[in-house]
Amino acid sequence: MGAEAILFIETLKEGLRASSSSTEGIRRTVEAIRASNPLYHWTGVYLLEGSELVLAHEIGKPTPHRRIPLDRGICGAAAREGVTIVVDDVHADPRYLACTLETRSEIVVPLKAGGRILGEIDIDSDRHAAFTPEDRERIEAAAALLSGFISRFSGPVPQTSAAPPRARAAGGEGR
């Protein structure tokens, strides 16, 4: 991992240490991820509730996909299979749940703890093939940190999507 990625991870750790709830930790993580790369036009965290992924926090254009069944979309596939999915061209992937015409690529990284899926980090970009192996490594490291943090809290995590209007208007989305 390069110096920039190490700084990113240290920033995430610091934000999680300063968080007093899972909601706050999720919000801080989404903000740090979004701020780490100008090509991340929509960033969100979904949490698994039963057989659905429920949006916990987002930054970017608000998504209409607040709840995603596990049998639908790229997000559902990543949670079901428990693996990171990188899609260089979302319009060529039949699993893609379209939100905007601008979104071109997506990465979905599961949140896992104790052998179970807790949810996932979902990032969309308006650039084709925006996610590099380094992006994947950084977001997987972020997912590991966030998973450990969330697993320390019991009970459901409330849904939030309060993002500054400027941040919401800045990006595309797609699940």
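The values are calculated or read from the model by the stated rules, or taken from the named source; none is laboratory data. Keep in mind the model is a prediction, meaning the values are calculated, not measured. Cβ sites come from the backbone with ideal geometry, for glycine too, and all protein chains shown count toward neighbours.
The set of residues in segment 71-89 being in contact with a strand residue (DSSP E or B) (Cβ under 7 Å, 6 or more places away or on another chain) and not β-branched (V, I, T) consists of C75, G76, A77, A78, A79, G82, D88, D89. Residues that are outside any loop (DSSP other than H, G, I, E, B) and either modelled with pLDDT under 95 or closer than 17 Å to E140 by Cβ (or both) within segment 58-90 comprise I74, C75, A77, A78, A79, E81, I85, V86, V87, listed in sequence order.
Yes/no per residue for (1) more than 22 Å from L145 (Cα to Cα); (2) touching a helix residue (DSSP H, G or I) at 6+ places or on another chain (Cβ under 8 Å):
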site	(1), (2)
A18	no, yes
Y40	no, yes
T43	no, yes
G50	yes, no
G73	yes, no
E81	no, no
D88	yes, no
D93	yes, yes
Y96	yes, yes
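Just one of (1) more than 14 Å from the chain's Cα centre (by Cα); (2) buried (at least 21 other Cβ atoms within 10 Å of the Cβ); (3) among the polar types (S, T, N, Q) fails for T29. It is (1).
Residues in segment 113-138 that are assigned to a strand (DSSP E or B) and crowded, with 19+ Cβ neighbours inside 10 Å: I117, L118, G119, E120, I121, D122, I123, D124, S125. In a residue-by-residue description of segment 17-29, the property of being part of a helix (DSSP H, G or I) and in contact with an Asp or Glu (Cβ under 7 Å, 6 or more places away or on another chain) applies to no position.
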